[in-house]
Amino acid sequence: MTRFASALAIAQDIRSGKRSASSVMQTVLATIDQHDSAIHSVTHLFAQQAMQQAHAVDAMLARKEALPPLAGVPFGVKDLFDIQGHVTTAGSIVLRNTPPAAQDAAIVARLRAAGAIPVATLNMDEFAYGFATDNAHYGITRNPHDTSRMAGGSSGGSAAAVAAGFLPLTLGTDTNGSIRVPASLCGVWGLKPTLGRLPRAGAYPFSASLDVVGHFAGTLDDLMAAFYIMADSPVEPEPQNLRAACLGGWFAQNLSPALAAAISRVCHHLGLSGTTELPQTPTARAASFLITAAEGGTLHLPRLRAAAEDYDPATRDRLLAGAMLPASTYVQAQRFRRWFRQQVHALFEQVDVLIAPAVMCEAPRLDDPTIMLDGKPASARANLGLYTQPISLPGLPVLCLPLSNTGTLPLGLQLVAAPGREAALFSLARKLEHAGLAGRCPLDTQQAA
Amino acid sequence: MTTPPFSDEVLVTARAQSMELALPAACVAGVIANTRVLQNYAALVRDFSLPDTCEPAGDYTP
């Protein structure tokens, strides 16, 4: 059984000879071929190359050579990571005539060096600007738990491919929530590491101040193993006796009843009472939004002058508006960011991990993409990042975990730590997983068939 | 937010002209809508008082 198997279990089966890498790859390709038409997570398959690499792993094993830790493990990449020999389109047709990538993106190369095999590029919002993975060129990615609902974005194909059990591990990027939002809606584990901790080389940029590369996995162990491989650093010990606090104020408003109850269970388990507040949260969200708009717009301005009609109209209009922001607005947003960073760092002198919702509710319906804000329906696409955008601003590491046993479609929780303290996130996530409060949300029997 | 003394369309057109940017007609309504959103966010940032010593959070290192 390969579908829904973890990356580490697949690697162990191959290493022990229980399964060949080629049989794993054949099953993965067949599963995608059979099931992805309902979800539309994949934009390109490297079927032939993946099979060749799987055969190479089997040949190494036959020669009794030592296998690297993820030998034969299939993985997918958001369609903005360079794969050597393949044109990186970043979810657009604008880049279709650019030369193929001369080399793999840095984190792709590190996974490949660890034996993992890239299988597919995965759907995204055009140029990563959105929370819906509704792409005018490549279609809509649907939520595997309910295909009438949004998968979230912009790394929606990456989250959906893990949720559907196609791939145990996928890569994404997160500028304002593009890993955390789809991880939450699809019920999988997602990590937005500390800004700058993983190399961004070979990942098509969006907003240089805020872009972070990261990943999705079906298990916490896979999430951790892939992180340390991509960070090219030894596994860090998980700190114990962590001081946690639940964020209130902005982060306690507009929660669905099921999510509020789930957060309450987490806080009760951790013995937390009361909440902590991030100062000036609405302004932090605004600053993050403005920096993204200005940097993204400026990046694309030369192409928008030449070929605006090639862009998805929704992306195009957002980018144009961003390109025309006054310099003073952008600089002021970056000044606020400096101030906000100081406040956040002061907060982490009192606490190790902050807890906050990832998205306020279950995945919105595609035919009614609204959420309730202050008792009124509001655009889901404009507001799914309500809780992720403010936390993007200071560049903190954030683990998005799938909450267990909510009785609903998937709901996610953000665990937030001081810069460089991913190990603290893993430690608290492990504690919640052991308590039965966190874990991948299984597909129901019919959808998993 | 302070009401601008002229319409959003005039504002967007003027900004585009100042950048020698020809806005395709199909873009204008969408750009205006997005500019309104950005102006609301810009007001929040603009109205937050910061000390003069607070530098932008750029990360350039020579």
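The table that follows gives values for the structure above.
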read-out: Cα-based shape type of the range A:227-354, given that a ≥ b ≥ c are square roots of the gyration tensor eigenvalues and the cut on a/c is 1.5; value: prolate
read-out: Net charge of neighbours whose Cβ lies under 9 Å from the Cβ of A:A423, counting Lys and Arg as +1 and Asp and Glu as -1; value: -2
read-out: Length gained when the stretch A:T370-A:Q48 is fully extended (0.36 nm per residue, less Cα-Cα span); value: 111.8 nm
read-out: R0 of 22 Å, Cβ-Cβ distance A:K64-A:Q26: FRET efficiency to nearest 0.05; value: 0.40
read-out: For the protein assembly as shown, calculated [θ]222 nm from helices alone, where every DSSP H run of n ≥ 4 adds -39500 (n - 2.57); value: -12500 deg cm²/dmol
read-out: Cβ-Cβ FRET estimate between B:N40 and A:A252, R0 fixed at 25 Å, reported to 0.05; value: 0.65
read-out: Rel. contact order, % - alpha carbon contacts under 8 angstrom, at least six apart, the range A:41-147; value: 33 percent
read-out: Listed peptides A:164-175, B:11-22, A:101-112, A:232-243 by packing density, highest first (mean Cβ within 10 Å); value: A:164-175, A:101-112, B:11-22, A:232-243
read-out: Accessible surface of A:H268 - all protein chains present, 1.4 Å probe, nearest 10 Å²; value: 150 Å²
read-out: Nearest-0.05 FRET efficiency for A:S273 and B:A14, computed from C-beta distance (R0 60 Å); value: 0.65
read-out: Residue mean of other protein chain beta carbons inside 10 Å, A:328-335; value: 6
read-out: Taking chain A and dividing mean pair separation by its residue count, relative contact order in percent (alpha carbons under 8 Å, at least six apart); value: 17 percent
read-out: The range A:249-353, relative contact order in percent, only Cα pairs under 8 angstrom and at least six apart counted; value: 30 percent
read-out: Ellipsoid equivalent to chain A - semi-axes via the Cα gyration tensor, in Å; value: 31, 26, 21
read-out: Largest to smallest accessible area among A:E422, A:E277, A:E295, A:E362 [probe 1.4 Å]; value: A:E277, A:E362, A:E295, A:E422
read-out: Sequence of A:K192, A:K64, A:K376, A:K431 when ordered by accessible area, the most exposed leading, probe 1.4 angstrom; value: A:K64, A:K376, A:K431, A:K192
read-out: Probe 1.4 Å - accessible area at A:F336, Å² to nearest ten; value: 0 Å²
read-out: Nearest-10 value in Å² for the accessible area of A:M372, using the 1.4 Å probe; value: 110 Å²
read-out: Local electrostatic count, A:T406, Cβ distance below 10 Å [Lys/Arg +1, Asp/Glu -1]; value: 0
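The values are calculated or read from the model by the stated rules, or taken from the named source; none is laboratory data. Everything numeric in this text was worked out from a predicted model, so none of it was measured. Cβ sites come from the backbone with ideal geometry, for glycine too, and all protein chains shown count toward neighbours. Each accessible area value is taken on the protein alone, full model and side chains, heavy atoms only, with ligands, DNA and RNA left out. Shrake-Rupley method; radii C 1.70, N 1.55, O 1.52, S 1.80 Å.
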